[in-house]
């Protein structure tokens with residue numbers, strides 16, 4: 001290389017050109033976009049998609065459900081002014097209509113006072129019927 005004195009202080013630089021074989025925007029768009037499987041449903045509602053368990057097409061629940069009251073709560077259905085007039089030797093006998101108060105079945109949990117009364121109910125358990133008869137009461141089944 002023949003270098004003149006005026007250009008001797010300037011260093012020589014070799015430049016080589018490289019041509020890209022890909023399109024310009026592809027590599028950057030790939031990293032900017034979120035992967036297709038990450039969604040807000042996966043983040044905030046995990047387990048939303050997919051099947052779990054079996055289906056029962058005509059599920060009927062509570063076929064035999066009834067509103068219940070126990071024997072120990074029956075006297076709460078009698079008004080206070082009627083309770084004052086009732087004693088063991090009196091001729092006044094209260095009639096407790098469980099259906100009128102919204103109860104369909106009487107169960108036998110609890111104790112009853114030894115006072116006679118008439119109970120009207122749609123369903124009565126055996127234990128409740130025994131306790132009512134022990135107390136001197138009568139059970140009348142109504143439809």
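Could you go through region 119-126 and let me know if any residue there is outside any loop (DSSP other than H, G, I, E, B) and either at positive phi or touching a residue at least 60 places away in the same chain (Cβ under 8 Å) (or both). Can you show your working first?
Our first condition is that a residue be outside any loop (DSSP other than H, G, I, E, B); within region 119-126, this holds for 119-121, 123-124, 126.
Keeping just the survivors that are either at positive phi or touching a residue at least 60 places away in the same chain (Cβ under 8 Å) (or both) gives none.
Checking region 119-126: not a single residue is outside any loop (DSSP other than H, G, I, E, B) and either at positive phi or touching a residue at least 60 places away in the same chain (Cβ under 8 Å) (or both).
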Candidates 43, 127, 73, filtered to the one that is out of contact with any helix residue (DSSP H, G or I) (no Cβ under 9 Å at 6 or more places or on another chain) and surrounded by 13 or more Cβ atoms within 10 Å (Cβ to Cβ)
73
Filter result (in contact (Cβ under 8 Å) with a residue 24 or more places away in the chain, closer than 23 Å to residue 65 by Cα and out of contact with any helix residue (DSSP H, G or I) (no Cβ under 7 Å at 6 or more places or on another chain)) within region 99-118
99, 102, 103, 104, 105
Quick one: is residue 131 at pLDDT 95 or above and touching a strand residue (DSSP E or B) at 6+ places or on another chain (Cβ under 8 Å)?
no
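The values are calculated or read from the model by the stated rules, or taken from the named source; none is laboratory data. Computed from a prediction, not measured in an experiment: that's the story for all the values here. In this analysis, Cβ positions are derived from the backbone assuming ideal geometry, glycine residues included, and neighbour counts consider all displayed protein chains.
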